[in-house]
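Trainee: First the structure, which I've put down as structure tokens, then a few questions once you've had a look.
Values quoted throughout were computed directly from the atomic coordinates according to the rules given, and no laboratory measurement underlies them. Keep in mind that this is a model prediction, so the values were computed, not measured. Glycine also receives a Cβ, built like all others from the backbone with ideal geometry; neighbour counts cover every protein chain displayed.
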Amino acid sequence: MVDSFGRKIDYLRLSVTDRCNLRCLYCMPVEGVELMSHDEVLRFEEVLRICRIFVGLGINSVRVSGGEPLVRRGAVDLIGELKAVKGIDHVSMTSNGVLLGEYLEPLAAAGLEGVNISLDTLDEEKFRRLTRAGGFENILPALDRALELGLRVKVNCVPLRGFNEDDIIKLAGLAKNKNIALRFIELMPLGAAAAFQPLSEEEVIFLIEKEYGALKPVTLKLGNGPALYYSLPDFAGYIGFISALSHGFCNSCNRLRLSASGILKPCLSSDLSLDLRSLVRSRAADGEIADAIRKTVAKKPAGHSFGGDNERREHEKKEMFRIGG
């Protein structure tokens, strides 16, 4: 599947729930969240049907996300069923890591190939303040076990000014001692995140190089995402950056997002969407659904609209946990 700008679209970010066992400050309010009802969420058989249609259109890689995907019953079985879909070459998951340890063995057995663990600090008290919850003690053991099981592990950190600058060095140190990709992800001004100020990629690089030496760019491709990776002397792993606002990569965007409620979004910042749940439940044929997807992808914008004040106010209304990570 190729969009109107010649970009090959082959990667699906698949949210299976809007629920999460954490309440991170930049993602979800502590209370007053109107969660989707059971009927609003795609059933797994609907998810699998949609994914088979996507495969016919050229999607070959799927990352399962949430919310926190492991709070949904049957998530492990879904991984195995996705792996069994002919044409899906790679299945991975994004998790906050709190529940990951108890599911790692069955996930690996089901065919999960990689896991992205969201972790913004290595300080337990700061973790509690950021997430409004516990479970920190589960994350690093889960990370180590994932490596033992042969999964590709990435750790995602969102640098926040005034909050975790002093964690940058310690987090980067994880990649010194472990064969992981530690990625610094620029904060997106969506929902609650609009109240925070990001730390720039250049500032993060300065802190890392001051401690560990010059970052050396590598052409390594780890997965399907847009991260740019660097190596450092004596590091077992890599340092990566995903800076959608300040260092845009829209010209090479290869992804679509499907929310837990079945809303297809070709671009995170755009209001363009397609209600696949309604199409599936109206008994539309696979061909009709595929045509609707093609038409929506054809309208995928050239780039995001994160920028000026008007755009920022509009984006503040959106919530990342509803769209899918």
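Trainee: Given (1) surrounded by fewer than 16 Cβ atoms within 10 Å (Cβ to Cβ); (2) in contact with a Phe, Trp or Tyr (Cβ under 6 Å, 6 or more places away or on another chain); (3) of a type in the set (Val, Ile, Thr), identify the lone condition not met by Val204.
Mentor: Val204 satisfies every listed condition except (1).
Trainee: Would you call Arg52 surrounded by fewer than 18 Cβ atoms within 10 Å (Cβ to Cβ), in contact (Cβ under 8 Å) with a residue 12 or more places away in the chain and in a helix (DSSP H, G or I)?
Mentor: When the stated conditions are applied, Arg52 passes them.
Trainee: So, one more: Quick check, is Gly74 over 30 Å from Ala194 (Cα atoms) and either without any contact (Cβ under 8 Å) to a residue 60 or more places away in the chain or surrounded by fewer than 16 Cβ atoms within 10 Å (Cβ to Cβ) (or both)?
Mentor: yes
Trainee: Only residues in the stretch 183-197 that are on the phi > 0 side of the Ramachandran plot count as the first member; pair them with residues that are part of a loop (DSSP other than H, G, I, E, B) and of a type in the set (Phe, Trp, Tyr), Cβ under 9 angstrom, at least 6 apart or cross-chain, and list the lot.
Mentor: Gly191/Tyr26
Trainee: Quick check on Ala110: is it at negative phi and crowded, with 21+ Cβ neighbours inside 10 Å?
Mentor: No, not satisfied.
Trainee: What pairs can you find where one residue is in the stretch 201-229 and of a type in the set (D, E, K, R), the other is part of a helix (DSSP H, G or I), and their Cβ atoms are less than 7 Å apart, with a gap of 6+ or different chains?
Mentor: Once the first residue is of a type in the set (D, E, K, R) and sits in the stretch 201-229, its partners that are part of a helix (DSSP H, G or I) give Glu211/Ile169.
Trainee: Going through Leu276, Leu268 one at a time, which residue ends up being more than 25 Å from Leu182 (Cα to Cα) and not basic (Lys, Arg)?
Mentor: Result: Leu276 is the single residue among Leu276, Leu268 that is more than 25 Å from Leu182 (Cα to Cα) and not basic (Lys, Arg).
Trainee: Of the conditions (1) more than 18 Å from the chain's Cα centre (by Cα); (2) closer than 19 Å to Leu42 by Cβ, Arg72 satisfies every one except a single condition; which number is it?
Mentor: With respect to (1) more than 18 Å from the chain's Cα centre (by Cα); (2) closer than 19 Å to Leu42 by Cβ, Arg72 is out only on (1).
Trainee: All but one of (1) assigned to a loop (DSSP other than H, G, I, E, B); (2) in contact (Cβ under 8 Å) with a residue 60 or more places away in the chain; (3) surrounded by fewer than 20 Cβ atoms within 10 Å (Cβ to Cβ) hold for Gly67; which doesn't?
Mentor: If we test Gly67 against (1) assigned to a loop (DSSP other than H, G, I, E, B); (2) in contact (Cβ under 8 Å) with a residue 60 or more places away in the chain; (3) surrounded by fewer than 20 Cβ atoms within 10 Å (Cβ to Cβ), just (3) comes out false.
Trainee: Please determine, by comparing only the residues of the stretch 155-171 that are surrounded by 20 or more Cβ atoms within 10 Å (Cβ to Cβ) and out of contact with any Ser or Thr (no Cβ under 9 Å at 6 or more places or on another chain), which one is farthest from Ala236 (Cα to Cα).
Mentor: The qualifying residue farthest from Ala236 (Cα to Cα) is Leu160.
Trainee: For Ala236, are the conditions met, namely being closer than 22 Å to Val115 by Cα, in contact (Cβ under 8 Å) with a residue 40 or more places away in the chain and surrounded by fewer than 18 Cβ atoms within 10 Å (Cβ to Cβ)?
Mentor: Yes, satisfied.
Trainee: Kindly indicate whether any position in the stretch 14-30 is in a strand (DSSP E or B), touching a Ser or Thr at 6+ places or on another chain (Cβ under 6 Å) and touching a residue at least 24 places away in the same chain (Cβ under 8 Å).
Mentor: yes
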